[in-house]
1. Taking the residues in the range 65-96 that are surrounded by 22 or more Cβ atoms within 10 Å (Cβ to Cβ) and of a type in the set (A, V, I, L, M) as candidates, determine which candidate is nearest to L26 (Cα to Cα).
2. Name the one entry in V276, V288 that is of a type outside the set (S, T, N, Q) and open to solvent by 20 Å² or more (accessible area, probe 1.4 Å).
3. Is at least one residue of the range 243-252 within 29 Å of A285 (Cα to Cα), open to solvent by less than 50 Å² (accessible area, probe 1.4 Å) and without any contact (Cβ under 8 Å) to a residue 40 or more places away in the chain?
4. Any residue that is open to solvent by less than 10 Å² (accessible area, probe 1.4 Å), outside the structural domain of L275 (by the TED database) and either closer than 17 Å to L60 by Cα or not small (G, A, S) (or both) - is there at least one of those in the range 154-161?
5. Could you please give the count of residues in the range 205-214 that are out of contact with any Cys (no Cβ under 7 Å at 6 or more places or on another chain) and surrounded by 14 or more Cβ atoms within 10 Å (Cβ to Cβ)?
6. If a residue must be out of contact with any Phe, Trp or Tyr (no Cβ under 7 Å at 6 or more places or on another chain) and either assigned to a helix (DSSP H, G or I) or within 12 Å of Q106 (Cα to Cα) (or both), how many such residues does the range 29-54 contain?
7. Return yes when L266 is over 15 Å from D215 (Cα atoms) and surrounded by 20 or more Cβ atoms within 10 Å (Cβ to Cβ) and no when it is not.
8. Run L190 past the list (1) in the same structural domain as I42 (by the TED database); (2) crowded, with 18+ Cβ neighbours inside 10 Å and report the number of the one that doesn't hold.
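The values are calculated or read from the model by the stated rules, or taken from the named source; none is laboratory data. None of these values were measured; they are calculated from a predicted model. Glycine gets a Cβ as well: all are built from the backbone with ideal geometry, and neighbour counts include every protein chain shown. Accessible surface is based on the protein model in full, side chains and every heavy atom, while ligands, DNA and RNA are left aside. Shrake-Rupley method; radii C 1.70, N 1.55, O 1.52, S 1.80 Å.
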Amino acid sequence: MGMAPRFNFLLHAFLCLALATTSFSLSPKFYDNLCPQALPAIKRIVEAAVHREPRMGASLLRLHFHDCFVNGCDGSLLLDSTSAFETEKNARGNFNSVRGFEVVDQIKAEVDRVCGRPVVSCADILAVAARDSVLALGGPTWKVRLGRRDSTTASRTLADSVLPSASMDLPALINNFKNQGLNKRDLVALSGGHTIGLSQCVIFRNRIYNATSIDPAFAKERRATCPRTGGNTNLAPFDPTPARFDTAYFKNLVKERGLLTSDQALFSGGSTDKLVETYSKNPDAFWVDFGKSMIRMGNIKPLTGKQGQIRVNCRKVN
């Protein structure tokens, strides 16, 4: 076989592969003709919800993250248990912790009302709500790729095994993100989502009582509201400005004031230290990378075209 035919064969194979993966690739314009009112409707409700309770912005951002890491961004996290499967809401990283489902229901009802029928998937609602939440709290914006469809099942066991844990060290975190096709820059940028929101005492207790890589004054401050026993659900902010999307999270890490083990792991003498320092000094670099990494996370294994469905109720399969 000469060079030309082999080249043509490879080119042809490559094009077919490219078409197979991108014939229904996500696009920011997906709803431009289907329902131009959809995105403004989502934004209105997210802004109102975040204004009412700033913490909701972090909660909605986290829903998209925990959806995407379990079998792709397919809205599986929103499904309640049925006789066929147990809800992902009961998984280790989600139980008594993920929240914001009522806001998602509210968005879904409003979007279906303005569009006149169910055209916007629950998976896309999560992707857009995450972006609108970050923007509402003073963070960057990005063009959300759209056209995801909704799953018809969920997996608590998969969620248990793939969601990253707050106790992970840097190699474990890098590997966890790598399994999703995300790199170290994505890991550090997306962890910066912890510039907003709160965490429960049960999650950070071990660090504030046992860690060596912690500012003693910070540990003492956190112990005041998180006793050795009891107070499991007591909340503490990841950084001093939990209602502002800023670089305080990274500034904290440099001072060994990370709240979770998995936060401080990013600045602990390893390969991500430089990036943490960059983001702590350069908001623009963080802004740009956060948007890029959110798009990359939002691209994880979507259902497109005729796959899946557009749910009528985000909590139930049609």
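1. Ranking the qualifying residues of the range 65-96, first place goes to V70.
2. Only one candidate passes the filter, namely V288.
3. So far as the range 243-252 goes, yes, one or more of its residues are within 29 Å of A285 (Cα to Cα), open to solvent by less than 50 Å² (accessible area, probe 1.4 Å) and without any contact (Cβ under 8 Å) to a residue 40 or more places away in the chain.
4. no
5. 4
6. Count: 18.
7. Against the criterion (over 15 Å from D215 (Cα atoms) and surrounded by 20 or more Cβ atoms within 10 Å (Cβ to Cβ)), L266 qualifies.
8. Of the numbered conditions (1) in the same structural domain as I42 (by the TED database); (2) crowded, with 18+ Cβ neighbours inside 10 Å, the odd one out for L190 is (1).
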